[in-house]
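Heads up, the thing below is written out as structure tokens.
What follows is calculated from the coordinates using simple rules that are stated; it is not laboratory data. Quantities reported herein were computed from a predicted structural model and do not represent experimental measurements. Note that we place each Cβ from the backbone using ideal geometry, even for glycine, and neighbour counts take in every protein chain shown.
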Amino acid sequence: MKRILIFLFCAFLSLGSKAQQAKLLADKIIAIVGDKIVLKSDITNYIDDMKRQGNEVPPGIDCMLLEKMMQDKALILQAEKDSLPVTDEEVEAELDQRIRSFIMQYGGKEALEQIAGRTTYQIKEDFRKSIRDGKLAKAMREKIVEYVKITPNEVREYYNKIPKDSLPFYETELVIGQIVLHPKAGRELEKFAQDELADYRRQVEAGLKSFETLARLYSEDPGSKQNGGRYEINKNQKDWDPDFKNAAFRLKEGQVSPVTKSKFGYHIIQMVSRNGDDAVIRHILRIPQLQDEDVEAAKSKLDSIRSKLIAGTLQFGEAVDKFSDDQNSKFTAGIISGQGGNFVTIDELDKNLVPYLDKLKIGEFSQPMVYKDEQDKQAVRLVYLQKRTEPHRENMRDDYDRISQRALAEKRDKTIEKWFQSKLPTYYVMVDPDFQQCEELKKQFPNYVTK
């Protein structure tokens with residue numbers, strides 16, 4: 001029972017023409033659960049969006065969507081009755097996150113507003129209720145399954161029911177941890193980068209060159225170099241370096257910051273425009289150049305950490321927390337995650353890392369290795385091989401965690417289905433005659449009426 005809110009949000013962005021707006025005016029109610037309604041446009045927008053994304057539309061999708069939407073309405077009704085908490089702050093944060101993702105997807109706030117035919121403020125207001133309803137439905141689901149647990153015997157019974165020829169086959173999988181250090185440039189080269197930026201700032205303030213031109217020429221940020229260092233930023237975003245963000249929002253429109261340090265390097269920032277917590281900025285990034293001795297210093301530090309790990313005087317998770325510069329794995333005790341959770345396949349790993357893994361035994365730590373990270377920055381890493389599986393058919397010994405997760409998910413689904421069976425007959429339910437052919441609706445809502 002997947003929520004459709006994100007698809008409805010995507011569909012909304014396509015509604016720009018007068019003809020489409022007129023079509024919305026002709027919308028109609030196709031279902032009611034309690035005092036909650038489902039509109040025909042809820043179904044058609046979702047299906048249209050699937051087509052735009054190139055996805056195949058399965059037969060009977062309208063019936064499946066209506067069933068899920070009506071189930072959500074029932075969950076929302078019960079959540080309101082039980083007074084489940086959904087705060088304004090949670091809703092606002094979700095709205096901000098959605099708006100930011102679409103601004104990035106469509107290349108800017110102005111492009112988003114042009115496509116939607118609405119201001120970002122209007123988009124947020126239009127979807128505030130939908131976001132709240134979605135959170136209420138999710139909260140109710142979580143409450144229904146809050147105390148659902150799974151025992152080893154239940155996992156075994158679940159596994160034994162799976163036909164042996166249907167069990168998945170797994171290639172070699174690994175559980176790998178890493179500690180990553182980014183070498184620090186020497187003081188002289190750091191000062192050289194700072195002096196360059198200070199000179200760029202002087203040129204802008206003297207009117208000799210525009211900030212945009214200097215960013216195109218000299219910035220080392222590949223994500224913004226070509227558009228003159230331009231970004232749209234929100235004060236509440238958590239994914240920006242805090243030092244960079246704080247420096248940006250201290251500026252007045254048109255002002256250029258002093259040289260500012262972040263985890264990426266050194267910057268100067270220009271405030272182009274600001275509207276409350278939203279701002280358009282430009283920046284120029286300079287990364288101090290590394291010398292061989294800087295890389296060797298990082299390798300030496302990692303080698304010292306490795307000695308303590310081998311001696312048992314330092315635990316791997318503790319070392320990650322204290323020393324690693326890799327933000328992606330800092331909250332997973334250094335474990336590299338893949339599609340299989342903590343297990344990764346060879347294909348998911350950096351190709352330059354694979355040859356080193358053949359030399360490691362389970363429980364061993366590699367020598368420090370120099371490599372380029374996802375941002376093409378030079379880094380040094382130490383790898384810990386925690387577990388390796390051989391190619392095998394799924395079994396209880398090697399794959400208990402995965403099997404138990406599936407068994408628990410199935411048990412939770414059944415618990416929610418039982419809840420629906422007991423609760424749905426107690427609600428007033430109306431279904432439009434156009435959906436009389438939906439057999440599952442008759443099973444889920446046996447007492448529904450038609451207009």
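Odds and ends about this structure:
- Converting phi to 3J(HN,Hα) with the Karplus coefficients 6.51, -1.76 and 1.60 and the offset θ = phi - 60°, the range 259-271 yields 4, 10, 9, 9, 5, 8, x, 10, 9, 10, 10, 10, 7 Hz in sequence order, with x at every glycine or proline.
- Comparing the range 133-229 with the 2.2 N^0.38 Å rule of thumb, its C-alpha radius of gyration ratio is 2.32 (two decimals).
- As a ratio to 2.2 N^0.38 Å, the alpha-carbon radius of gyration computed for the range 187-286 takes the value 0.99.
- Equivalent-ellipsoid semi-axes of the range 46-90, from the Cα gyration tensor, Å, largest first: 30, 15, 5
- Tilt relative to the chain, helix 40-52 - C-alpha long axis, 0 to 90 degrees, to 10: 40
- Derived scalar couplings ³J(HN,Hα) [the range 130-146; Karplus, 6.51 cos²θ - 1.76 cosθ + 1.60; whole Hz; x for Gly, Pro]: 4, 5, 4, 4, x, 5, 5, 4, 5, 4, 5, 4, 5, 5, 4, 9, 3
- Multiplying the residue separation of Gln378 and Asp398 by 0.36 nm and subtracting their alpha-carbon distance yields 3.6 nm.
- In the chain, helices alone account for a calculated mean residue ellipticity at 222 nm of -15000 deg cm²/dmol, with every DSSP H run of four or more residues adding -39,500 (n - 2.57).
- Loop-located trypsin sites (Lys or Arg not before Pro) in the range 311-396 (DSSP state other than H, G, I, E, B) with a sparse environment of at most 11 neighbouring Cβ atoms within 10 Å: Lys351, Lys359, Lys361.
- Among the chymotrypsin sites (Phe, Trp or Tyr not before Pro) found in the range 151-198, not one is both in a DSSP coil and sparsely packed, with 11 or fewer other Cβ atoms within 10 Å of its Cβ.
- In Hz, Karplus ³J(HN,Hα) per residue of the range 388-400 (6.51, -1.76, 1.60; θ = phi - 60°; x = Gly, Pro): 9, 10, 8, x, 7, 7, 3, 8, 5, 6, 8, 10, 4
- Pairs of alpha carbons in the range 411-451 separated by more than 14 Å make up 49% of all such pairs.
- When the pairs Lys68/Lys124; Lys299/Lys322; Lys191/Lys263 are compared against a 18 Å limit on Cα-Cα distance, Lys68/Lys124 fall above it.
- Across the chain, Cα pairs under 8 Å and at least six residues apart give a relative contact order of 20 percent.
- Neighbour counts of other Cβ atoms within 10 Å put Ser224, Ser304, Ser324 in the fewest-to-most order Ser304, Ser224, Ser324.
- Convex hull of alpha carbon positions in the range 348-451: directionally averaged projected area 13.3 nm².
- Global geometry of the chain, whether rounded, prolate or oblate, following the gyration tensor of its Cα atoms and the 1.5 cut on a/c: oblate
- When only alpha carbons of the range 62-145 are considered, Rg and Dmax amount to 15.1, 43 Å.
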